1. Return the loop-located trypsin sites (Lys or Arg not before Pro) in region 245-287 (DSSP other than H, G, I, E, B) with at most 14 other Cβ atoms within 10 Å of their own Cβ; answer none if there are none.
2. For region 147-178 and region 218-244, what is the separation of their C-alpha centers, rounded to whole Å?
3. Mind ranking 270-276, 177-183 by how tightly packed they are, going by the mean number of other C-beta atoms within 10 angstrom, highest first?
Amino acid sequence: MAGEPSTVPSHYVHRSIRVTPARQAPDIPAYLYFGGIAGASAGLAALAELTGERRLAAASRYATAGCALAAVAATARDLRRPQRFLAGLRAPDPSFPLSLGTWLVLPFAGLAIVTAGAERAGWRLAAGVTGAAAGVLGPAVCTYTAVALVDTEVPAWHEAYRELPFLFAGSGISGAAGIALIATLSGDPAPARRLAVAGAAMELAATARLRAAPGSAGVSFRGGTAGRLLTAAATLTTVGAALAVLGGFATGRRPAIGRWATAGAGLALLTSGALSRLSVHYAGQHSAEASRFGNVT
């Protein structure tokens, strides 16, 4: 943690040292995945409320609360000891993005839960106020984890400082859109379709740049487990965006086909986001191990 001597083991994101990301694989990617969707869903819910898309706003509020809780649970499980989590709450440390992120995520999660509860109870004014506050924090929640990873000296993460924030933003947006597509099947998912395509485009552009990057980042994201996962994620993102567009065209002519295509788009985008976060984890692991043994090619 911040302030600990370098000889004391701690969570690797809190220290700018070159170590291997050795936590249980599901914990960190799950935190990155659910946190990204929660942040993007909060922004989507706030925009939907402003534009009168009540069904979309409600669905996105529930998604925000559920994903925020899942992200906090993954963090707690990864840190293992409550002392580590409490240490991060002592005071925000501007030199450590994850320390600031802890202070960002906790109020965000609280707002998300209150908003979902107010939505469920039918208290629209309260839900609107707390939902707007969560929506303001949403973009930062969606992307701050990328900044936290870049702040380490894990080579693949540190060298991808240009691409990771856009990868996380695009993946979070497309994941939030994926949930919204499924949740609004019986209504009008047109706003979610547009968001799905926009998020997918951002994610695919960042993926292409990662693969073309020189040095450890490019090597780690092109080959091995990370490369295969990123390829699968990009494929599913492309399929999801295409199905979202197809669903829009088919809805007026063949409603059943439109619904199936829309549901498929949502599932593809959600799965893609999970695979991309796993790819980031394994790329960091590969590059740290390669650097340790003096081999980054």
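Values quoted throughout were computed directly from the atomic coordinates according to the rules given, and no laboratory measurement underlies them. None of the values given here were measured: they were computed from a predicted structure. Note: ideal-geometry Cβ built from the backbone for every residue, glycine included; neighbour counts use all protein chains shown.
1. Arg253
2. Here the two parts' Cα centres lie 14 Å apart.
3. On the way: 270-276: 24.6, 177-183: 26.7.
Averaged packing, sorted descending, gives the order 177-183, 270-276.
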